[in-house]
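Below is one structure, written out as structure tokens; comments come after it.
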Amino acid sequence: MTLSNTTSRYGAITRSFHWLTALLVMTLIPVAMIASDLPYDTSEQLARKAWLFSLHKTLGVTVFFVALLRIGWALGQPKPSTLHPERRAETFLAETAHWLLYGSLVLAPLSGWLHHAATTGFAPIWWPLGQSLPMVPKSESIAALFGGFHWVFGKVMTVTILLHVAGALKHHFIDRDATLRRMIGTKAALPDLPAAAHSLRPLGAAIAVWAAVLLGGTGFGVYGTESSGAQAAALEDVTSDWTVQDGSIDIAVTQFGSQVEGTFADWTADITFDPTVSSGPSGSVEVVIAIASLKLGSVTDQAMGPDFFDAQQYETAVFKADLITEIDGYFADGTLSLKGTEVPLKMLFRLSVEGGAANMQANLTLDRLDFGIGNNMADESSLGFGVDVSIALTALRGDQQAIAE
């Protein structure tokens, strides 16, 4: 048994790469299909779904590195010649399929890895080197783009594998030649074949196929940002003594021990506040948040579902509070209405006022169970109880707003 290829046979290393890749790919594809169809209504179901997706991602990263090693090895090896050089059309199609297969074995796992790195939450890769990649920011649009690439490359890989298997079976059962047996490693009787002639035409055909399917993906809209299906409520404009110029309402949850961060894109704040009050009631605030405007990484769809925020039925959350000034700080004392439940809430915040501009920051932790969010996950093994909320805003007093305009 030789390690290297000859012009007639595949060496042991090439065959090992081939069958290792086949085993990995034929495992990760059905794993992904099964995981996609699994429900996630309970902690146990979510844990099972996440475990399978983690397995899929880990196998995908493994395929990526195995494919690079396989290609690197193949570049330094002679390629066994076709057993039927006179069948030019068949040889051309087979070589085109090989280019597509090699490309998809690199591009499909790489695009999936980039999608994973650009988003947050749900099903980590099982390895000690972290979940992020250099120069890949956390971005829903970037994640959607690479998610679309992964879908396209994965479909090409699946179709190419089916064609590859069909061709091998055709050679074995119809042509009854040694094409399959020389990859298995049996001692098939083979003539001494001349070195294979190399042509760039199959590579050009493969590139044309890639261009066509990528363009087709554009037509089907697979590169767009994924939607949860819930439409964000259209919030009414507010007339406020203090007008928010810039701000953010961010949340962070812990899922399977990892922090998942998100932000509400659409909210309004009606604020009255008298900065001259040194102690006691100094104003009021009413904040209305469009629940479906939340982006929470890869678990956005799950968060919008009926077991969590139920954004279809409860479109907004409302925080109403009196603002109280104390000698050593400020707090808002009121209620938070979320998912049909009203809970008393006292929120400490930091405030600095310069002229007619105010900067406010607050951090607090809510218990999701207080609002009936994720009641089907009654322990913290899959989803933590605490939801960290960070609020920051800059507001201008009415007279300063008029000057700014």
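Would you point out which residue out of GLN77, GLN45 is assigned by TED's automatic domain parsing to the domain that holds LEU114 and touching a Pro at 6+ places or on another chain (Cβ under 8 Å)?
On the way: GLN77 fails: touching a Pro at 6+ places or on another chain (Cβ under 8 Å).
Within the list GLN77, GLN45, the selection yields GLN45.
Which one of these is in the same structural domain as LEU52 (by TED's automatic domain parsing), in contact (Cβ under 8 Å) with a residue 24 or more places away in the chain and of a type outside the set (Phe, Trp, Tyr): SER111, SER132, SER139? Spell out the reasoning first.
Values: SER132 fails: in contact (Cβ under 8 Å) with a residue 24 or more places away in the chain; SER139 fails: in contact (Cβ under 8 Å) with a residue 24 or more places away in the chain.
Of SER111, SER132, SER139, the one residue that is in the same structural domain as LEU52 (by TED's automatic domain parsing), in contact (Cβ under 8 Å) with a residue 24 or more places away in the chain and of a type outside the set (Phe, Trp, Tyr) is SER111.
Close contacts from the stretch 315-335, counting a first residue that is modelled with pLDDT under 95 and a second that is assigned to a strand (DSSP E or B) and of a type in the set (Lys, Arg), with Cβ to Cβ under 8 Å and a gap of 6+ residues or different chains, come to GLY329/ARG350.
Quick check on this structure: which one of ASP241, ASP237, ASP177 is touching a His at 6+ places or on another chain (Cβ under 7 Å) and modelled with pLDDT of 85 or more?
Working: ASP241 fails: touching a His at 6+ places or on another chain (Cβ under 7 Å); ASP237 fails: touching a His at 6+ places or on another chain (Cβ under 7 Å).
One residue alone meets the criteria, ASP177.
Selection of the stretch 263-296 for residues being of a type in the set (Gly, Ala, Ser) and buried (at least 21 other Cβ atoms within 10 Å of the Cβ) yields ALA269, ALA290, ALA292. Among the residues of the stretch 352-372, just one is farther than 24 Å from GLY283 by Cβ and of a type in the set (Val, Ile, Thr), namely THR365. Against the definition (closer than 25 Å to VAL299 by Cβ, without any contact (Cβ under 8 Å) to a residue 24 or more places away in the chain and in contact with a helix residue (DSSP H, G or I) (Cβ under 9 Å, 6 or more places away or on another chain)), how does ILE34 come out, yes or no? Yes: the conditions hold for ILE34.
The numbered conditions (1) aliphatic (A, V, I, L, M); (2) closer than 15 Å to SER390 by Cβ; (3) in contact with a Ser or Thr (Cβ under 6 Å, 6 or more places away or on another chain) are all true for MET304 except (2).
Select, from ALA189, ALA206, ALA195, the only residue that is touching a residue at least 60 places away in the same chain (Cβ under 8 Å), part of a loop (DSSP other than H, G, I, E, B) and outside the structural domain of THR263 (by TED's automatic domain parsing).
Details: ALA189 fails: touching a residue at least 60 places away in the same chain (Cβ under 8 Å); ALA206 fails: part of a loop (DSSP other than H, G, I, E, B).
Checking each option against the conditions leaves just ALA195.
Select from the stretch 270-286 the residues that are in contact with a Ser or Thr (Cβ under 7 Å, 6 or more places away or on another chain) and either closer than 25 Å to ALA118 by Cβ or aliphatic (A, V, I, L, M) (or both) and list them in ascending order. Give the steps one after another, and end with the answer.
The initial filter retains those residues of the stretch 270-286 that are in contact with a Ser or Thr (Cβ under 7 Å, 6 or more places away or on another chain), namely 270-274, 277-280, 282-284.
Residues satisfying the conditions are ILE271, VAL277.
Take the conditions part of a helix (DSSP H, G or I), in contact with a Phe, Trp or Tyr (Cβ under 9 Å, 6 or more places away or on another chain) and farther than 30 Å from ALA189 by Cα and apply them to GLY148. Does it pass? So GLY148 fits the description; yes. I need the full set of residues from the stretch 97-123 which are part of a loop (DSSP other than H, G, I, E, B) and touching a Ser or Thr at 6+ places or on another chain (Cβ under 6 Å), in order please. Across the stretch 97-123, the qualifying residues are THR119, GLY121, PHE122, ALA123.
On the stretch given as the stretch 336-366, residues that are modelled with pLDDT under 95 and acidic (Asp, Glu) total 1.
Take the conditions (1) of a type outside the set (Asp, Glu); (2) within 21 Å of LYS79 (Cα to Cα); (3) within 12 Å of the chain's Cα centre (by Cα); SER132 misses just one of them, which is (2).
Taking THR120 as the residue in question, decide whether it is of a type in the set (Ser, Thr, Tyr), touching a Lys or Arg at 6+ places or on another chain (Cβ under 7 Å), touching a residue at least 40 places away in the same chain (Cβ under 8 Å) and crowded, with 17+ Cβ neighbours inside 10 Å.
It is true that THR120 is of a type in the set (Ser, Thr, Tyr), touching a Lys or Arg at 6+ places or on another chain (Cβ under 7 Å), touching a residue at least 40 places away in the same chain (Cβ under 8 Å) and crowded, with 17+ Cβ neighbours inside 10 Å.
When you look at ASP250, is it touching an Asp or Glu at 6+ places or on another chain (Cβ under 7 Å), in the same structural domain as THR335 (by TED's automatic domain parsing), under 29 Å from ASP328 (Cα atoms) and of a type in the set (D, E, K, R), yes or no? Considered against the rule, which asks whether it is touching an Asp or Glu at 6+ places or on another chain (Cβ under 7 Å), in the same structural domain as THR335 (by TED's automatic domain parsing), under 29 Å from ASP328 (Cα atoms) and of a type in the set (D, E, K, R), ASP250 comes out as yes.
The values are calculated or read from the model by the stated rules, or taken from the named source; none is laboratory data. As the structure is a prediction and not an experimental result, all values here were calculated from the model. Note that each Cβ is placed from the backbone with ideal geometry, even for glycine, and that neighbours are counted across all protein chains shown.
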